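A.B. asks: Next up is a structure, given as structure tokens.
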Amino acid sequence: MDQIKIGKFIAWKRKEKNLTQAQLAEKLGITDRAVSKWETGRSLPDASIMLELGGILGVTVNDLLCGEEVSMENYNEKIEKNLIEMVKQKEQSDKRLLTMEIVIGLTSTLFLFAMLAVGIIFMTLEKPVWAFILPVGVGFVQFIICMAFALRIEQTAGYYECRECGHRYVPSFKSVNLAPHMGRTRYMKCPKCGKKTWQKKVIGDGKTEE
Ligand SMILES: [Zn+2]
């Protein structure tokens, strides 16, 4: 998808409707900075907002995604192209997120051990007790925050796949949090067939991510 072209199209249609960026933003319940980012091609409107945006600008979602008013004869072909493109983009962003999870996990673990080491060094130097507690405390707090963040990424990026029925779904944060796991494979109850199995993390194309 051509973000620059889409941005120019949004700006053009907005002006045609005699709306300022701020007025359009207000109608959508978002910031005018977000609108400015679309129009300069720095980001795309969220999928959740596309329909409403199209309604306000008097164009279809397909037009929005193409960055032009699509003629009727190649309408379906363009819809399919846009759909495939969107799925591809989600896969790529899921992959990036899962890489970020690993980076966060590793950095945070290293930092925790570094803080433990600092605490132990202070202790052997016979510094007061807070000189041990403070770094170790900081280490643990950042570790817990980073782990919660990493878990949140793991919950939302891609899908878990049931071994029994093949159903793919995004579980709740709580069920991911409480599930025993080996790497990213988690023992959870499938919301479709109700069986508890070790469920693998998959990304759109069905390739297993370990
Ligand atoms: Zn199942």
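The values are calculated or read from the model by the stated rules, or taken from the named source; none is laboratory data. This structure is a prediction, so every number in the text was calculated from the model and none was measured. We place every Cβ from the backbone using ideal geometry, glycine too, and count neighbours over all the protein chains shown. Quick note on the areas: whole protein, heavy atoms, side chains included, nothing else; ligands and nucleic acids left out. Shrake-Rupley method; radii C 1.70, N 1.55, O 1.52, S 1.80 Å.
A.B. asks: Tell me, yes or no, whether the range 92-106 has at least one residue that is open to solvent by 70 Å² or more (accessible area, probe 1.4 Å), out of contact with any Lys or Arg (no Cβ under 9 Å at 6 or more places or on another chain), away from the ligand (no atom under 16 Å from the Cβ) and more than 18 Å from G183 (Cβ to Cβ).
C.D. replies: Checked against the condition, which is being open to solvent by 70 Å² or more (accessible area, probe 1.4 Å), out of contact with any Lys or Arg (no Cβ under 9 Å at 6 or more places or on another chain), away from the ligand (no atom under 16 Å from the Cβ) and more than 18 Å from G183 (Cβ to Cβ), the range 92-106 yields at least one hit.
A.B. asks: When you look at V118, is it open to solvent by less than 60 Å² (accessible area, probe 1.4 Å), under 26 Å from the mean Cα position of the chain (by Cα) and more than 15 Å from the ligand (Cβ to nearest atom), yes or no?
C.D. replies: Here the answer is no, as V118 does not meet what is asked.
A.B. asks: Sticking with this structure for a sec: Can you tell which of I56, I6, I10 is out of contact with any helix residue (DSSP H, G or I) (no Cβ under 6 Å at 6 or more places or on another chain) and of a type in the set (V, I, T)?
C.D. replies: I6
A.B. asks: Something else about it: Do we find that E85 is over 22 Å from the mean Cα position of the chain (by Cα) and among the acidic types (D, E) in this structure?
C.D. replies: Working: over 22 Å from the mean Cα position of the chain (by Cα): no; among the acidic types (D, E): yes.
Answer is no for this residue.
A.B. asks: Continuing with this model, one more query. Restricting the search to the range 177-190, which residues are under 14 Å from E164 (Cβ atoms), in contact with a strand residue (DSSP E or B) (Cβ under 6 Å, 6 or more places away or on another chain) and either open to solvent by less than 90 Å² (accessible area, probe 1.4 Å) or of a type in the set (A, V, I, L, M) (or both)?
C.D. replies: Y187, M188
A.B. asks: Tell me whether the range 65-84 contains one or more residues that are among the aromatic types (F, W, Y) and either touching a helix residue (DSSP H, G or I) at 6+ places or on another chain (Cβ under 8 Å) or within 30 Å of V202 (Cα to Cα) (or both).
C.D. replies: Initial filter on the range 65-84 (among the aromatic types (F, W, Y)): 75.
Going one step further and asking which of them are either touching a helix residue (DSSP H, G or I) at 6+ places or on another chain (Cβ under 8 Å) or within 30 Å of V202 (Cα to Cα) (or both), we end up with 75.
Taking every residue of the range 65-84 in turn, at least one turns out to be among the aromatic types (F, W, Y) and either touching a helix residue (DSSP H, G or I) at 6+ places or on another chain (Cβ under 8 Å) or within 30 Å of V202 (Cα to Cα) (or both).
A.B. asks: Now for a separate question. Criterion first (under 19 Å from K95 (Cα atoms), open to solvent by 70 Å² or more (accessible area, probe 1.4 Å) and within 16 Å of the ligand (Cβ to nearest atom)) does K200 satisfy it?
C.D. replies: yes
A.B. asks: If you scan the range 176-197, which residues turn out to be within 12 Å of the ligand (Cβ to nearest atom) and either free of Cβ contacts under 8 Å to residues at least 24 places away in the same chain or closer than 17 Å to V103 by Cα (or both)?
C.D. replies: Result: K189, G194, K196.
A.B. asks: What number of residues within the range 38-54 are open to solvent by 70 Å² or more (accessible area, probe 1.4 Å) and without any contact (Cβ under 8 Å) to a residue 12 or more places away in the chain?
C.D. replies: Of the residues in that region, 3 qualify.
A.B. asks: Cβ-Cβ under 7 Å, sequence separation 6+ or interchain: first residue in the range 150-175 and under 15 Å from K90 (Cα atoms) and within 16 Å of the ligand (Cβ to nearest atom), partner outside any strand (DSSP E or B) and of a type in the set (A, V, I, L, M, F, W, C). Which pairs?
C.D. replies: Y159/V170
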